[in-house]
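Since the structure comes first, as structure tokens, the remarks are kept for the end.
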Amino acid sequence: MEKQVLRFKVNGDEYEIFIHPKTLLAEAIRDHLGLTGTKRGCDTVSCGACTVMVNGFSVKSCSVLAIQCQDMEITTVEGLEKNGKLSPVQRAFLDHGSYQCGFCTPGMLISSTTFLNELNGKVPSDMEIREGIEGNICRCTGYNSIVRAIDAVAQGKYKEE
């Protein structure tokens, strides 16, 4: 099978890579770009560990062919920090102990960030937060600390630095 050229922007940097047409976005990010924050968990679109932003929307990268992202902008967990400063969601997760083993954390951070971006400043209820991250499975935390962290960001307790 002949390789194809994929041009896309990941975390603000432009890339041109040669990939097989059946390469998944998760594989391109991890194996071709070396960005290992994006995890491959279930490979069945169930767990959300591989969640990244594609043009501002949460996408499970195990379900998308990389070539479908031609000329698109991808944000991985590595792209959430700016100028060496953690994003508000990253800081809130640390402060609220919203991780244990950490495997789901990259996808959970991306989903939480996307969810908060879609709210346009509205403060969601706990149930809305739970619905907003329902595509991400955490087997360790019980979600309460994650919900508290997202709520704190939504309430403006964490700002961009």
**Asked** Where residues in the range 142-161 are within 18 Å of the chain's Cα centre (by Cα) and in a loop (DSSP other than H, G, I, E, B), which of them is modelled with the highest pLDDT?
**Response** 143
**In the range 105-157, the residues that are surrounded by 21 or more Cβ atoms within 10 Å (Cβ to Cβ), within 18 Å of residue 50 (Cα to Cα) and either in contact with a Lys or Arg (Cβ under 8 Å, 6 or more places away or on another chain) or assigned by TED's automatic domain parsing to the domain that holds residue 63 (or both)** = 106, 107
**Complete set of residues in the range 62-78 that are surrounded by fewer than 21 Cβ atoms within 10 Å (Cβ to Cβ) and closer than 14 Å to residue 37 by Cβ** = 75, 78
**Asked** Residues 44, 38: which one is in a loop (DSSP other than H, G, I, E, B), in contact (Cβ under 8 Å) with a residue 60 or more places away in the chain, of a type in the set (Val, Ile, Thr) and not assigned by TED's automatic domain parsing to the domain that holds residue 142?
**Response** 38
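For the range 41-61, does any single residue satisfy the condition of being in contact with an Asp or Glu (Cβ under 6 Å, 6 or more places away or on another chain), at pLDDT 95 or above and either surrounded by fewer than 20 Cβ atoms within 10 Å (Cβ to Cβ) or under 21 Å from residue 101 (Cβ atoms) (or both)?
Taking the range 41-61 first, the residues in contact with an Asp or Glu (Cβ under 6 Å, 6 or more places away or on another chain) are 55.
Next, from what is left, pick out any that are at pLDDT 95 or above: 55.
Applying the additional criterion that residues be either surrounded by fewer than 20 Cβ atoms within 10 Å (Cβ to Cβ) or under 21 Å from residue 101 (Cβ atoms) (or both) yields 55.
Taking every residue of the range 41-61 in turn, at least one turns out to be in contact with an Asp or Glu (Cβ under 6 Å, 6 or more places away or on another chain), at pLDDT 95 or above and either surrounded by fewer than 20 Cβ atoms within 10 Å (Cβ to Cβ) or under 21 Å from residue 101 (Cβ atoms) (or both).
Kindly establish whether residue 30 is part of a helix (DSSP H, G or I) and without any contact (Cβ under 8 Å) to a residue 12 or more places away in the chain. Break it down stepwise before answering.
Working: part of a helix (DSSP H, G or I): yes; without any contact (Cβ under 8 Å) to a residue 12 or more places away in the chain: yes.
Yes.
The values are calculated or read from the model by the stated rules, or taken from the named source; none is laboratory data. Given the structure is predicted, the values throughout are model-derived calculations rather than measurements. Glycine also receives a Cβ, built like all others from the backbone with ideal geometry; neighbour counts cover every protein chain displayed.
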